[in-house]
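Colleague: Below is a structure I'd like to ask you about.
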Amino acid sequence: MKAVILCGGRGTRLHPYTMTIPKPLLPLGETPILEIVLRQLSEAGFTEAILALGHMSSFFTSYLDAEQDKWDISLRYHFEKVPMGTAGALSQIEDLPDNFVVMNADVLTTLSFRKLMNDHIEKRAKASLTIKRRQVDIDFGVIKSSDDSRLLGYDEKPSIPYDVSIGVNVLNKDALSYIPKGEYFDMPSLMMALVEDGQIVNCHRSDDFWLDIGRAEDFHLASEEFAANPDRFFIQC
């Protein structure tokens, strides 16, 4: 199995931390986020990780070339001269298998990558995205009223559930034909292009721990969670 790890973002929401080091190399304790991801993929049976690099690419190559013997997974680099979006770079990467993972590099999760891949293949999907349930708690009573201003209902401080993508996807190689060559193209646009063409896009629901490490408060929380029990992030890979 192979995985493409998207490492090209600038991480501006994490300034000043990311002004001198790219976000995926920020350490949770003493372990860089990217190292956690690579170890998880290795333990899940992945044999190759392709890193899509852009901003501060030399930081990645210097670190990984020195450390890659620590993980039983081969590494390959794809360099973007200009940002291509979360899907655009995929059309330029060679030798991708029939099904492969595409994921953000700044994700801390206990997700089982094997279960995700198996679910994708069983559903015969052209793409699978991992989703997680979240909710918004409303602090006020919510009123339902008619067009002629009559009260229809009253919901005291409701919680509204919604699903989010956690940035870990699987693509079938056929999906690459939907990506315009040499153009900026993001993953939601690719998913919707597949849906609009009648292709199967599978939503793999996860109840696993997940943090998108995009803000300072998320980085601090991720550091605390990983320090409290690092082993749990490698049990279900």
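The values are calculated or read from the model by the stated rules, or taken from the named source; none is laboratory data. Keep in mind that this is a model prediction, so the values were computed, not measured. So basically every Cβ, Gly included, is an ideal-geometry build from the backbone, and we count neighbours across all protein chains shown.
Colleague: Please enumerate the residues belonging to segment 23-59 that are more than 18 Å from the chain's Cα centre (by Cα) and either of a type in the set (Phe, Trp, Tyr) or on the phi > 0 side of the Ramachandran plot (or both).
Modeller: If the condition is that a residue be more than 18 Å from the chain's Cα centre (by Cα) and either of a type in the set (Phe, Trp, Tyr) or on the phi > 0 side of the Ramachandran plot (or both), then 29, 45, 56, 59 are the ones that fit.
Colleague: To continue, here is another question. Say whether the condition of being outside any strand (DSSP E or B), among the aliphatic types (A, V, I, L, M), modelled with pLDDT of 95 or more and more than 22 Å from residue 3 (Cα to Cα) is met by at least one residue in segment 185-192.
Modeller: no
Colleague: Could I ask something else about it? From 106, 137, which residue is of a type in the set (Asp, Glu) and farther than 30 Å from residue 27 by Cβ?
Modeller: Residue meeting the stated conditions: 137.
Colleague: Counting only residues that are within 32 Å of the chain's Cα centre (by Cα), β-branched (Val, Ile, Thr) and assigned to a strand (DSSP E or B), how many does segment 135-160 have?
Modeller: Residues meeting the conditions: 2.
Colleague: Tell me, yes or no, whether segment 210-227 has at least one residue that is assigned to a helix (DSSP H, G or I), under 18 Å from residue 32 (Cα atoms), touching a residue at least 24 places away in the same chain (Cβ under 8 Å) and not hydrophobic (A, V, I, L, M, F, W, C).
Modeller: Yes, some residue in segment 210-227 is assigned to a helix (DSSP H, G or I), under 18 Å from residue 32 (Cα atoms), touching a residue at least 24 places away in the same chain (Cβ under 8 Å) and not hydrophobic (A, V, I, L, M, F, W, C).
Colleague: Hey, any hits in segment 151-158 for a residue that's of a type outside the set (S, T, N, Q) and in contact with a helix residue (DSSP H, G or I) (Cβ under 8 Å, 6 or more places away or on another chain)?
Modeller: No; the residues of segment 151-158 include none that is of a type outside the set (S, T, N, Q) and in contact with a helix residue (DSSP H, G or I) (Cβ under 8 Å, 6 or more places away or on another chain).
Colleague: Say we look at segment 105-153 and pick out the residues that are of a type in the set (Asp, Glu) and closer than 30 Å to residue 199 by Cα; which of these is surrounded by the fewest Cβ atoms within 10 Å (Cβ to Cβ)?
Modeller: Taking the candidates together, the pick is 122.
Colleague: Identify, from the list 217, 156, the residue that is loosely packed, with under 14 Cβ neighbours inside 10 Å and touching a Gly at 6+ places or on another chain (Cβ under 6 Å).
Modeller: So the residue among 217, 156 that is loosely packed, with under 14 Cβ neighbours inside 10 Å and touching a Gly at 6+ places or on another chain (Cβ under 6 Å) is 156.
Colleague: One residue is enough: does segment 172-181 have a residue meeting the conditions crowded, with 16+ Cβ neighbours inside 10 Å and closer than 17 Å to residue 203 by Cβ?
Modeller: Yes: segment 172-181 contains one or more residues that are crowded, with 16+ Cβ neighbours inside 10 Å and closer than 17 Å to residue 203 by Cβ.
Colleague: Identify all residues within segment 54-90 that are within 30 Å of residue 178 (Cβ to Cβ), crowded, with 17+ Cβ neighbours inside 10 Å, in contact with a helix residue (DSSP H, G or I) (Cβ under 8 Å, 6 or more places away or on another chain) and hydroxyl-bearing (Ser, Thr, Tyr); write none if there are none.
Modeller: 86 - this is the single residue of segment 54-90 that is within 30 Å of residue 178 (Cβ to Cβ), crowded, with 17+ Cβ neighbours inside 10 Å, in contact with a helix residue (DSSP H, G or I) (Cβ under 8 Å, 6 or more places away or on another chain) and hydroxyl-bearing (Ser, Thr, Tyr).
Colleague: Please enumerate the residues belonging to segment 32-60 that are of a type in the set (S, T, N, Q), farther than 14 Å from residue 6 by Cα and out of contact with any Cys (no Cβ under 7 Å at 6 or more places or on another chain).
Modeller: If the condition is that a residue be of a type in the set (S, T, N, Q), farther than 14 Å from residue 6 by Cα and out of contact with any Cys (no Cβ under 7 Å at 6 or more places or on another chain), then 42, 47, 58 are the ones that fit.
Colleague: Being over 28 Å from residue 179 (Cα atoms), at pLDDT below 95 and surrounded by 14 or more Cβ atoms within 10 Å (Cβ to Cβ): is that true of residue 32 here?
Modeller: Answer is yes for this residue.
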